[in-house]
Amino acid sequence: MSDSNGSGERATGSASGTGGEGHERLPGRQRKRFPGISSRAYEHPADRSALVALRKLSGFDTVFKALSGLLPERSLRLLFLSDSVRVSDQQFQHLHTMLLDACYILDLPKVPPMYVTQDPQPNAMCIGLDEPIIVVTTGLVELLDEEEMRAVVGHEVGHALSGHAVYRTILLFLTNFALKIAWIPLGNIAVMAIVTALREWFRKSELSADRAGLLVGQDLQASMRGLMKIAGGNHLHEMNVDAFLAQAEEYEAGGDLRDSVLKIMNVLPRTHPFTTVRAAELKKWAESRDHQRIVDGHYPRRSEDKDTSVTDSFRESASHYADSVRASKDPLMGLVRDLAGGASDLGGRLRDTFGGRSGSGEAPGKPSEGPGAAPGGQDPEDGPSKP
């Protein structure tokens with residue numbers, strides 16, 4: 001793996017200088033670095049479990065092995081080399097410094113090449129089979145300030161450290177391939193099954209990379225601002241972090257079962273989670289004990305990865321999903337909890353919700369004010385009150 005100026009430079013220091021053991025000096029503050037950190041420290045449990053499920057998908061191993069030898073990675077590298085700007089100490093120097101800093105903080109042994117490509121759509125990606133390449137668009141560079149961009153660079157370095165680039169590259173290839181064979185019914189169905197599973201995994205991997213970006217930038221407000229800008233453009237004076245996070249809560253809790261189904265349909269074609277959801281997930285993690293332990297220097301090391309139990313990782317992921325279902329305010333998740341608990345009124349509740357009625361504590365037979373809604377602000381997940 002080479003660095004962004006092609007010299008094979010290792011990420012052994014920071015262009016900003018250091019300010020004491022384990023810290024990097026930046027204007028006005030210090031940032032901690034994490035020697036030997038394993039990607040397990042910041043990976044979202046759903047990221048790991050989705051990857052396990054992806055690998056168990058029928059035919060995935062065959063496709064993966066075949067594509068590993070067929071994907072035009074050399075062509076891809078030549079394309080960016082010939083038609084984009086390679087970040088270095090001579091081109092986009094501020095991005096080059098951020099890249100070195102991010103690799104230094106996460107202790108990535110070698111600095112991946114980074115390119116800026118002309119595209120007004122704000123975007124960034126980490127791709128490659130043998131060696132990752134980081135690509136950012138001009139739209140993103142022009143949209144974000146320095147600290148916001150630092151979190152994005154850390155996000156992409158997190159993808160590289162986690163080994164996400166391989167699956168991202170396959171996803172890009174298969175998505176394009178599926179479009180070319182859409183006229184072949186069975187062939188398209190087979191490919192789209194794997195593409196759908198890859199997208200589900202990649203959406204979860206974005207949550208992991210957001211955490212890596214926070215570990216690099218160490219500025220939660222900058223991470224929040226960056227996500228808001230990606231959602232609403234360069235109009236920070238018109239936006240508010242608390243109101244933006246409130247949107248995520250309203251999105252999760254609002255509506256009825258029909259809205260729950262629509263949420264699933266809306267997210268299936270996407271490779272990234274919705275920005276409000278990402279912001280809420282990142283804030284929750286930033287305030288967690290797990291994050292604080294990493295900051296305090298208590299985190300798994302890469303040297304211990306070989307001893308990691310796959311069973312333990314899967315058990316942790318299953319526990320996370322169970323906790324998510326219990327805590328979710330989504331109406332569909334409420335029904336899942338009812339089903340797990342053997343609720344006797346599940347059938348009636350389904351009928352009432354989709355039929356536009358819900359029990360409301362009113363006289364029997366009297367219609368409620370809205371489908372799936374409980375009276376007086378009652379949370380729908382608590383169930384309809386009985387006559």
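The values are calculated or read from the model by the stated rules, or taken from the named source; none is laboratory data. Bear in mind the structure is a predicted one, so any value in this text is a computation, not a measurement. Heads up, the Cβs are rebuilt from the backbone with ideal geometry, glycines too, and the neighbour counts pull from every protein chain shown.
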Please determine whether any residue of region 46-63 is within 30 Å of GLY139 (Cα to Cα) and at pLDDT 80 or above. yes
Yes or no: region 223-245 includes at least one residue that is touching a helix residue (DSSP H, G or I) at 6+ places or on another chain (Cβ under 6 Å), more than 26 Å from GLU287 (Cα to Cα), at pLDDT below 95 and not charged (D, E, K, R). yes
Being assigned to a loop (DSSP other than H, G, I, E, B), assigned by TED's automatic domain parsing to the domain that holds ARG33 and either more than 21 Å from the chain's Cα centre (by Cα) or aromatic (Phe, Trp, Tyr) (or both) narrows PRO120, PRO112 down to just PRO120
Report the residue count in region 85-109 for those that are touching a Phe, Trp or Tyr at 6+ places or on another chain (Cβ under 6 Å) and either at pLDDT below 95 or outside the structural domain of ALA209 (by TED's automatic domain parsing) (or both). 0
Looking only at region 221-248, which residues are under 28 Å from GLY163 (Cβ atoms) and over 16 Å from the mean Cα position of the chain (by Cα)? ALA222
Give me the pairs, please: first residue somewhere in region 227-250 and surrounded by fewer than 16 Cβ atoms within 10 Å (Cβ to Cβ), second residue anywhere and not in a helix (DSSP H, G or I), beta-carbon distance under 8 Å, and either six or more positions apart or on two chains. GLY232/MET239; GLU249/LYS329
Could you say whether any residue in region 155-172 is of a type in the set (S, T, N, Q), modelled with pLDDT of 70 or more and surrounded by fewer than 17 Cβ atoms within 10 Å (Cβ to Cβ)? no
